[in-house]
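A short write-up of the structure that comes next.
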Amino acid sequence: MTKNSNSLDKNLLSHLAFCAIAIFIYIISFNIAPASSMFPRLLSIIIFSLNAFLIGQYFYYFFTKKSKEITQNRKDYWKNIFTLKKYTVVPILIFIICYLFVFAYPRIGFELSGFLLVFSIMILINGKEAIKKFYIAILIPSFFLLIFKVGLKLAIPLTIEIFFK
């Protein structure tokens with residue numbers, strides 16, 4: 001497997017970003033009840049350790065291979081990292097949409113916010129197919145609603161309950 005220097009630099013930036021997110025999640029988990037904070041802490045530890053391993057692998061590759069091979073045209077690579085292309089913008093938009101879901105969930109209910117989350121991600125991935133298969137955006141939140149509300153008997157804010165208050 002040949003490793004492209006351009007992809008290595010982008011991967012290093014993404015691994016550092018995921019390490020920062022993992023640290024942020026771990027710190028924020030101290031504000032959660034001790035019984036509920038186990039999953040976010042465990043998840044953040046796993047994310048951090050996997051990305052730290054990948055960062056170490058990057059530096060191992062960097063120092064063991066010929067530096068001339070890796071560092072040629074380095075300035076052009078760093079300029080290209082910060083240009084926004086579709087494969088860069090879509091994950092950022094999905095992160096923003098997920099944040100909006102968390103913000104909208106208690107205000108408009110699970111069904112409506114879940115539908116908007118799934119449908120907007122489907123539109124980002126493939127707009128024409130998303131409009132043709134919008135029923136999938138209805139079925140996925142309904143499936144999770146059955147699991148959490150009926151199966152696990154959790155108190156989930158529903159759209160109908162919020163609007164009738």
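Output the relative contact order of region 92-156, whole-number percent, from Cα pairs under 8 angstrom with separation of 6+ residues.
Values: 40 pairs, mean separation 19.1, N = 65.
Reported relative contact order: 29 percent.
Can you give me the % of accessible surface on region 102-165 that is carbon or sulfur? Probe 1.4 Å, all protein chains present, nothing else counted.
78
Applying a 10 Å radius around every beta-carbon, put 53-63, 110-120 in order of their mean neighbour count, most first.
Details: 53-63: 12.7, 110-120: 20.0.
Answer by packing, highest mean first, reads 110-120, 53-63.
Can you tell me the FRET efficiency between K153 and S49 if r is taken as the Cβ-Cβ distance and R0 is 35 Å, rounded to the nearest 0.05?
0.55
Rank these by accessible area, largest first, 1.4 Å probe: K128, K133.
K128, K133
If you rank V102, V90 by how much accessible surface each has, with a 1.4 Å probe, what is the order from largest down?
Greatest to least solvent exposure: V102, V90.
The values are calculated or read from the model by the stated rules, or taken from the named source; none is laboratory data. Given the structure is predicted, the values throughout are model-derived calculations rather than measurements. Neighbour counts run over all protein chains shown; Cβ positions are idealised from the backbone, glycine included. Ligands, DNA and RNA are excluded from the accessible area calculation, which covers all protein heavy atoms including side chains. Shrake-Rupley method; radii C 1.70, N 1.55, O 1.52, S 1.80 Å.
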